[in-house]
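Peer 1: Got a structure for you, written out below as structure tokens; questions coming shortly.
Values quoted throughout were computed directly from the atomic coordinates according to the rules given, and no laboratory measurement underlies them. Quick caveat, the model's predicted, so the values are computed rather than measured. As a convention, Cβ positions derive from the backbone with ideal geometry for all residues, glycine included, and neighbour counts pool all protein chains shown.
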Amino acid sequence: MGTFYTGDHPNPKARQIINTLSKVFKIKPSQFASLKVEKRQHDPFKTLVVTILSQNSTDRSAGRAFEKLEEVIGGISPEKLSAAPVQRIRNAIAIGGLQWHKAPALRQLSRTILEQYAGDLDQILSKPFDEARELLMDLPQVGPKTADVLLVTSASQPTIPVDTHVDRVSRRLGLAPLKGGYEKVRASIQSLFPRIKYHQVHLLLIAHGRAYCTALRPKCPTCPVRKYCPYPRKTRPISKRSN
Ligand code: SF4
């Protein structure tokens with residue numbers, strides 16, 4: 001990815017953090033379930049389905065569940081998903097977890113998109129950002145994070161989805177306040193970067209959260225942005241035993 005950007009910036013620390021992360025992590029679509037499906041298939045409905053499969057799951061499991069679902073019902077479309085028996089959907093996506101909840105939700109989502117938008121999500125994604133986001137969040141199983149992922153991934157709209165990694169990493173690094181919900185975190189991070197960089201910021205913070213700034217025991221001693229991090233509970237190197 002190379003140097004993220006140079007020049008003046010309203011928050012030099014934020015710039016240095018992201019510049020450093022952009023040198024450390026080589027972002028590949030294959031590392032992100034939604035981006036991988038979008039790049040390969042250019043179909044926002046499929047991107048939405050895999051994004052829902054990734055809710056409370058890992059991208060790897062979501063990707064495998066998506067592929068299995070495609071295989072079992074012969075391709076993924078609102079028509080095919082709404083017509084498929086819920087038990088077949090459930091069995092296909094079990095590898096990603098929460099199948100008892102997600103299978104009927106995916107079928108309901110498909111039916112809603114068929115009924116309200118003739119199966120065409122571009123009818124939503126072509127609208128101005130705020131309107132598109134509201135319409136997406138009216139769909140079954142679509143909350144702000146899923147809507148933001150779809151908007152930035154399939155429609156290049158300016159938003160930073162706040163998944164569990166982005167939330168944790170941005171708060172620890174001081175890019176977002178310690179208190180406050182989804183919208184506060186999103187607004188805080190977005191205020192620090194140009195809109196054109198939002199998607200990259202999202203992907204870099206996830207990459208860092210997976211590799212170093214993990215939930216339970218972050219790898220602070222080797223963290224590439226440690227010197228910028230105010231997190232008071234940084235981990236220390238594991239000391240060698242003397243015997
Ligand atoms: S120093 Fe630790 S807490 Fe801070 S960003 Fe790095 S891994 Fe996360």
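Peer 1: If each of residue 178 and residue 219 carries a label point 7 Å out from its Cα toward its Cβ, how far apart are those two points in nm?
Peer 2: Output for this residue pair reads 2.6 nm.
Peer 1: Any idea what Rg and Dmax come out to for the range 32-145 if you just take the C-alpha atoms, in Å?
Peer 2: In order Rg, Dmax, the Cα atoms of the range 32-145 give 13.0, 37 Å.
Peer 1: Under the definition of Cα pairs under 8 Å and six or more residues apart, what whole-number percent is the relative contact order of the chain?
Peer 2: Averaging sequence separation for qualifying contacts and normalising by length gives 17 percent for the chain.
Peer 1: May I pose another question? Work out, step by step, the length gained on full extension between residue 56 and residue 16: first 0.36 nm times the residue separation, then minus their alpha carbon distance; give nm to one decimal.
Peer 2: Contour length minus the Cα-Cα distance gives 11.3 nm.
Peer 1: Go through 175, 50, 99 and say which Cα lies farthest out towards the positive end of the charge dipole of the chain; charges sit on Cβ, +1 for Lys and Arg, -1 for Asp and Glu.
Peer 2: Ranked along the dipole, the leading option is 175.
Peer 1: Let me understand the chain better: what is its radius of gyration from the alpha carbons, and its Dmax, in angstrom?
Peer 2: 19.3, 71
Peer 1: Now a separate question. Restricting things to Cα coordinates, could you compute the convex hull volume per residue of the range 180-223 in Å³?
Peer 2: 94 Å³
Peer 1: Sticking with this structure for a sec: Can you tell me the 0 to 90 degree angle between the C-alpha axis of helix 44-53 and the longest principal axis of the chain, rounded to 10?
Peer 2: Around 70 degrees separate the two axes.
Peer 1: Using a simple charge model, +1 on the beta-carbon of Lys and Arg, -1 on the beta-carbon of Asp and Glu, nothing else, what dipole does the chain show about its Cα centre, in debye to the nearest 20? Don't skip to the answer; put the middle values down first.
Peer 2: Numbers: 39 positive and 19 negative charges, 401 e Å.
Result for the chain is approximately 1920 debye, rounded to the nearest 20.
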